[in-house]
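Here the structure is laid out as structure tokens; the discussion comes afterwards.
The values are calculated or read from the model by the stated rules, or taken from the named source; none is laboratory data. In this text, all values refer to a predicted model and were calculated from it rather than measured experimentally. For neighbour counting, all protein chains shown are included, and Cβ atoms are generated from backbone atoms with ideal geometry for every residue, glycine included.
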Amino acid sequence: MSSKKKQAADKAAEKIDELRAEIEEHNYRYHVLDDPVISDSRYDGLIRALEKLEGEYPELVTSSSPTQRVGGAPVDRFEAVDHRMPMLSLNNAFSPEAVAEFDRRCREGAGRAAICYVAEPKIDGLAISLTYEQGELTRAATRGDGRTGEDVTLNVRSIPSVPLQLRRGWTPRLLDVRGEVFMPVAGFQMLNEQQKARDEKLYANPRNAAAGSLRQLDSKICAQRPLSFFCYAVGTWQGSDQPGTQMQMLEKLREFGLPVNPLAREVNGLDACLEYYQEILALRDKLEYEIDGVVYKVSSIGDQQVLGSVSRAPRWAMAHKFPAQEETTVVKAIEVQVGRSGALTPVARLDPVFVGGVTVSNATLHNASEIERLDVRIGDTVVIRRAGDVIPEVVSVVLEHRRRGARRFRFPSECPVCRSSICSDEGGVIQRCSGGLVCSAQLKESIKHFASRLALDIEGLGAKLVEQLVDSGRVKTPADLFSLSAAEFAELERMGEKSAENLIASLEKSRQTTLPRFLFALGIPQVGEATAQTLAQSFGTLEELLAAPVGSLETVPDVGPVVALEIRRFFDQTHNQQVIDALRQHGVTWPEINPVATPAGGFAGKTVVITGTLPNLSRDQARRWLIEQGAKVSGSISSRTDYLVAGADPGSKYDKAVSLGIEVLEEHEMKAIADKAQP
């Protein structure tokens, strides 16, 4: 290279460095400080000037240049990547009492009279992890299952608020930053207008729009979407001393050029947390982005380490969710649906309305008693909400808008599908179709349940295959499964001869079962795995159980009057008796067992509910273990529950248990109770 060309190249390199520094400074002022000092057109002029110079001197282009946010060919799929440190989820609180319980645990665990927290809005977006090596963005990954996510680096590089290079002054040589990618409300509305103009599918809410944008296989498409980013934590910090508090951490990240929510601040103690919650709740509708609550984090990093985590959630942080959002609309019709267990659920068909970020056209009315309490009628104007921001439900009727002549809704006296009689529980709350094993509305789900792993465990009989069998009329009861040949199975879609032969072998194997599995497989209302086990142990044979009157059934541990009546009704139905007889004629059999006393153990006679993700046991393993310890494992919390075994992400069951004063156990505490009961 001649000296003249070298001088020109050196001058260009110097100018390129100046432009990059100036552009990054303006990015920092715009995205981090929210204090822009130049117009958009002036900013665009700087970008064009940089692009021109880099075009003339391509050897000076670097991956961290502001012009290189978008690039690369579309990918076929996203590669899986492992997080250096797991991306934990948060436990949720829905009441001040649950927050108070969280504060108590933090104070006791850290050994402090009061805790200083960092509180911040909970952005309704997608969790992301950004890796910076020597200050340069090298990887971006979704949360995934917390340990393994998807590599979305090309797409995240296109988000303007994500710095490709940390600002001068960064110190860690390796930094994993955790944050949230989201789409501002205005950007979401603009995107949907563009989608509508192109006659393409509209996104339901900003979160769905952000998720759909970040998962575009072509980063050029993602770059056109109005995505933004806030960081809130650090996963890995290597190469220098880490700040001592959560707030200092956020301030340091902001200095590095990473955007931090300006509403994040330290609050001292429980009362300050709840005051912050009310403050942000009042701001909710005024914010430029959607939030669904606030997050409290113990500020001291040392206290965070002492408190540790439970499975997939830290003990030192909690999300305090906002109440469900409400809207009004009109009831167009009321229909009654029949579930797998035969339970009848009334559903209100609504004039579509946008509530909680989703267009809602159906809402549950729960049961006949709820319809009567609300006095919901067709044509009524009603208030609906998304309970827990998920399930739409009718809250109340706006009586002043009721039209003249609106008639009360009459709950059907027979199943709307099979015309079998309807029976109800003791309190008349839950009403069920008595069609049992022959009601077509229940049939598909009943067959799936019958074949499930804890029932007859028919390997290869998946959901889609069950649907084909039922829709084609080949299977009308579970017993029909055993009358089909390999050739008939092979005729079904996606079923070759080998698959058909394997399924026949699995059906043959399933004929040899146990009485508890058989009873569970029948799908008797309110008879789960634990109750099926207890019934089998108490009566020993199916014949004894079939002949047992309600009074005898009530003597079985944990079988009260309601469950006893459900069992008796099920076995008294002629069509259910016919299915049981047909199954036995097809060779479904089990060894006889001798009736035994109620199993002894640390949980003998106790009702236990499991919620969340346990660190060492799956739900099925924990359920079986508790049953062996004499417990009745229930699926719902009530005043009769003795213990709640809680893991990560316990949800609303945890809040209800706390409100009812029910003792909450972690997995190791559950096992300790059993150990103490050992002779």
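Taken over region 112-127, the criterion of being assigned to a strand (DSSP E or B) and in contact with a Lys or Arg (Cβ under 7 Å, 6 or more places away or on another chain) is satisfied by Tyr117, Val118, Ala119, Ala127. Taking region 490-508 as the range and being in contact (Cβ under 8 Å) with a residue 12 or more places away in the chain and closer than 15 Å to Ala451 by Cα as the test, the residues that pass are Asn502, Leu503, Ile504, Ser506, Leu507. Restricting attention to region 282-326 and to residues that are part of a strand (DSSP E or B) and of a type in the set (S, T, N, Q), the residue that is surrounded by the fewest Cβ atoms within 10 Å (Cβ to Cβ) turns out to be Ser309.
For the residues Asp303, Asp285, the requirement of being at pLDDT below 90 and out of contact with any strand residue (DSSP E or B) (no Cβ under 8 Å at 6 or more places or on another chain) singles out Asp285. Considering Thr359, Thr329, the condition of being farther than 27 Å from Arg432 by Cβ, buried (at least 20 other Cβ atoms within 10 Å of the Cβ) and either not assigned by TED's automatic domain parsing to the domain that holds Glu290 or not aromatic (Phe, Trp, Tyr) (or both) is satisfied by Thr329 alone. Residue count for region 209-223 satisfying the condition of being over 15 Å from Ala140 (Cα atoms), part of a helix (DSSP H, G or I), in contact (Cβ under 8 Å) with a residue 24 or more places away in the chain and of a type outside the set (Gly, Ala, Ser): 1. Only residues that are within 23 Å of Phe409 (Cα to Cα), part of a strand (DSSP E or B) and modelled with pLDDT under 90 were counted in region 337-359, giving 6. Just to be sure I understand the filter: pairs with C-beta atoms under 9 Å, separated by 6 or more residues or on different chains, first member in region 179-208 and outside the structural domain of Cys231 (by TED's automatic domain parsing) and within 26 Å of Pro259 (Cβ to Cβ), second member among the aliphatic types (A, V, I, L, M) and surrounded by 12 or more Cβ atoms within 10 Å (Cβ to Cβ). Which pairs pass? Correct list of pairs: empty, since none qualify.
Report yes if some residue within region 659-674 is under 30 Å from Leu484 (Cα atoms) and not β-branched (Val, Ile, Thr); otherwise report no. The answer is no, given that none of the residues of region 659-674 is under 30 Å from Leu484 (Cα atoms) and not β-branched (Val, Ile, Thr). For Ser446, the test of being surrounded by fewer than 15 Cβ atoms within 10 Å (Cβ to Cβ), in contact (Cβ under 8 Å) with a residue 60 or more places away in the chain and either touching a Pro at 6+ places or on another chain (Cβ under 7 Å) or not β-branched (Val, Ile, Thr) (or both) is failed. Within region 393-415, restricting attention to residues that are within 32 Å of the chain's Cα centre (by Cα) and of a type in the set (A, V, I, L, M), the residue that is modelled with the lowest pLDDT is Val395. Per this entry, Val579 is not counted among residues that are more than 17 Å from Gln442 (Cα to Cα) and among the β-branched types (Val, Ile, Thr). Each residue in region 238-257 was checked for being touching a helix residue (DSSP H, G or I) at 6+ places or on another chain (Cβ under 9 Å) and buried (at least 20 other Cβ atoms within 10 Å of the Cβ), and 3 of them qualify. Go through the residues of region 596-604 one by one and say whether even a single one is hydroxyl-bearing (Ser, Thr, Tyr) and more than 28 Å from Val658 (Cα to Cα). The answer is yes; a qualifying residue exists.
Of note, Val382 satisfies the criterion of being surrounded by 18 or more Cβ atoms within 10 Å (Cβ to Cβ), at pLDDT 90 or above and not assigned by TED's automatic domain parsing to the domain that holds Thr514.
Scan region 134-144 and tell me whether some residue there is crowded, with 19+ Cβ neighbours inside 10 Å, outside any strand (DSSP E or B) and in the same structural domain as Leu227 (by TED's automatic domain parsing). Scanning region 134-144 turns up at least one residue that is crowded, with 19+ Cβ neighbours inside 10 Å, outside any strand (DSSP E or B) and in the same structural domain as Leu227 (by TED's automatic domain parsing). Within region 248-273, which residues are in a helix (DSSP H, G or I) and under 15 Å from Pro121 (Cβ atoms)? Leu250, Cys273, listed by residue number.
Applying the set (1) among the aliphatic types (A, V, I, L, M); (2) outside the structural domain of Lys509 (by TED's automatic domain parsing); (3) crowded, with 21+ Cβ neighbours inside 10 Å to Ile673 leaves exactly one unmet item: (3). Note on region 153-191: residues that are surrounded by fewer than 18 Cβ atoms within 10 Å (Cβ to Cβ) and not in a loop (DSSP other than H, G, I, E, B) amount to 5.
Starting from region 526-542, take each residue that is charged (D, E, K, R) and list its partners that are modelled with pLDDT of 90 or more, counting only C-beta distances under 6 angstrom and pairs at least six apart or across chains. Close Cβ pairs satisfying both conditions: Glu529/Phe520. Scanning region 367-379 for residues that are crowded, with 17+ Cβ neighbours inside 10 Å and under 12 Å from Val347 (Cβ atoms) yields Asn367, Ile371, Val376.
With respect to Pro549, is the statement that it is in contact with a helix residue (DSSP H, G or I) (Cβ under 9 Å, 6 or more places away or on another chain), outside the structural domain of Pro516 (by TED's automatic domain parsing) and farther than 20 Å from Ser341 by Cβ true? Explain how you work it out, then say what you get.
Working: in contact with a helix residue (DSSP H, G or I) (Cβ under 9 Å, 6 or more places away or on another chain): yes; outside the structural domain of Pro516 (by TED's automatic domain parsing): no; farther than 20 Å from Ser341 by Cβ: yes.
Taking the combined requirement at face value, the residue does not satisfy it.
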